[in-house]
Amino acid sequence: VQLQASGGGLVPPGGSLRLSCEASGSTLSVYHMDWYRQGVGEQREFIASISNGNGATYADWVKGRFIISRDYVKNEAFLQMTSLTPEDTGVYYCNAHLLEESYWGQGTQVTVSS
């Protein structure tokens, strides 16, 4: 499974972005999909997960600002982000996993700055 994350960019505080994670080489429908992020000098942290049955879970700090979703037909997963702050700056990664299998995309940069 090859994953390609996209949709990052520069956005002012309070802005929104929609990240996409497109898969090739295999269907994503069997996998659970996660989003993680990593700031400069920080460890990669979990943001949200959507199961292969479409159930979603979020890190506590998300507090309703982000929504994870997936499109089984387009073979993509998404992360809609709102009310962004400079603390949300980092590289955002998608992950597909099922049992022992785990695949990572290359990441997309999100910069929140005025």
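The values are calculated or read from the model by the stated rules, or taken from the named source; none is laboratory data. Not measured: the values here are computed from a predicted model. We place every Cβ from the backbone using ideal geometry, glycine too, and count neighbours over all the protein chains shown. Remember, those area values only see protein heavy atoms, side chains included, never the ligands or the DNA or RNA. Shrake-Rupley method; radii C 1.70, N 1.55, O 1.52, S 1.80 Å.
Quick notes on this one:
- Overall, the accessible surface of the range 1-112 at a probe of 1.4 angstrom is composed of carbon and sulfur to the extent of 51 percent.
- Between ILE68, SER24, PHE46, the Cα set farthest toward the positive side of the dipole of the chain (charges on each charged residue's Cβ, about the Cα centre) is that of ILE68.
- For the range 1-57, the relative contact order works out to 26 percent when only alpha carbon pairs closer than 8 Å and six or more residues apart are counted.
- Distant-in-sequence amide H partners of GLY15 (H built 1.01 Å from N, under 5 Å): LEU84
- Multiplying the residue separation of GLN106 and ASN52 by 0.36 nm and removing their Cα-Cα distance gives an extension gain of 17.3 nm.
- Cleavage-rule hits, chymotrypsin sites (Phe, Trp or Tyr not before Pro), the range 5-114, DSSP coil, Cβ neighbours within 10 Å at most 13: TYR72
- Put simply, the amide H of GLY7, placed in the peptide plane, has neighbours under 5 Å in SER20, leaving out anything fewer than 5 places away on its chain.
- Under 5 Å from the amide H of GLU76 lie the amide H atoms of ASP71, each residue being 5 or more positions distant or on a separate chain, with H modelled from the backbone and absent for Pro and chain starts.
- The trypsin sites (Lys or Arg not before Pro) found in the range 13-97 that occupy coil by DSSP, while having at most 12 further C-beta atoms within 10 Å, are LYS63, LYS74.
- Binned Cα-Cα distance frequencies in the range 34-114 - 10 Å width, integer %: 17, 53, 27, 4, 0
- What the chain shows is 52 Å² of accessible area per residue, with the surface traced by a 1.4 Å probe over protein heavy atoms.
- Exposed-loop-free span, longest in the chain, where GluC sites (Glu not before Pro) count as exposed if DSSP calls them loop and at most 16 other C-beta atoms lie within 10 Å: 43-99
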